[in-house]
1. What number of residues within segment 72-83 satisfy the criterion of being part of a loop (DSSP other than H, G, I, E, B) and more than 12 Å from the chain's Cα centre (by Cα)?
2. Out of Ala45, Ala35, Ala17, report the one residue that is in a loop (DSSP other than H, G, I, E, B) and of a type outside the set (Val, Ile, Thr).
3. Residue pairs, Cβ under 7 Å, 6 or more apart or interchain, first in segment 8-33 and farther than 18 Å from Tyr44 by Cα, second crowded, with 18+ Cβ neighbours inside 10 Å and of a type in the set (Val, Ile, Thr). List them.
4. Please work out if Thr26 is surrounded by 12 or more Cβ atoms within 10 Å (Cβ to Cβ) and out of contact with any strand residue (DSSP E or B) (no Cβ under 7 Å at 6 or more places or on another chain).
5. Any residue at all in segment 64-71 that's modelled with pLDDT under 95 and either more than 19 Å from Val106 (Cα to Cα) or assigned to a helix (DSSP H, G or I) (or both)?
6. Scan segment 89-110 for residues that are exposed (fewer than 13 other Cβ atoms within 10 Å of the Cβ) and not in a loop (DSSP other than H, G, I, E, B) and jot them down.
7. Which one of these is within 12 Å of the chain's Cα centre (by Cα), over 17 Å from Ser2 (Cα atoms) and crowded, with 19+ Cβ neighbours inside 10 Å: Ala60, Ala86, Ala45?
Amino acid sequence: MSGLYFDEHMHRDIARALVKQGIPVTMAVDVGMTAKSDEEHLAYATAQELIMVSFDHPFAGRTMNRDDFFGLICLPYDYMQDMGAAIEQLADYAQLFEADRDHGLVFWIK
């Protein structure tokens, strides 16, 4: 199981629910990463061996052209309102992620 890194747009209630399931979650707002660029968030997550989670589709699209990061999950915009679906999907991905196999991949949740 891998931990997750939530950028500034992720809701704390999602993090709390995942932590209750035993999934480590680091939030940008808790580690001094507010007002940072997407690149800085990705670099931080990679240095900590965390999968970055974001709603930023353009950034995720650009990131698909590289492989120098730990992992990135891009959520659909409607998960901003459907926290239950976000929790379920993120818990599944955190459990299934294997660094050797999945390092440098962008996962698009639909």
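1. The qualifying residues number 3.
2. After ruling out the rest, the residue left standing is Ala35.
3. Listed by first residue and then by second, the contacts come to Ile14/Ile87; Ala17/Ile87; Leu18/Val25; Leu18/Ile87; Val19/Val25.
4. Criteria not met by Thr26.
5. no
6. Result: Asp92, Gln95, Leu96, Ala99, Asp100, Arg101.
7. After ruling out the rest, the residue left standing is Ala60.
Residues checked against (1) under 19 Å from Glu98 (Cα atoms); (2) touching a Leu at 6+ places or on another chain (Cβ under 9 Å):
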{"position": "Met33", "(1), (2)": "no, no"}
{"position": "Ser37", "(1), (2)": "no, no"}
{"position": "Ala45", "(1), (2)": "yes, yes"}
{"position": "Met52", "(1), (2)": "yes, yes"}
{"position": "Arg66", "(1), (2)": "yes, no"}
{"position": "Cys74", "(1), (2)": "yes, no"}
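The values are calculated or read from the model by the stated rules, or taken from the named source; none is laboratory data. Model, not experiment: these values are computed from the prediction. For neighbour counting, all protein chains shown are included, and Cβ atoms are generated from backbone atoms with ideal geometry for every residue, glycine included.
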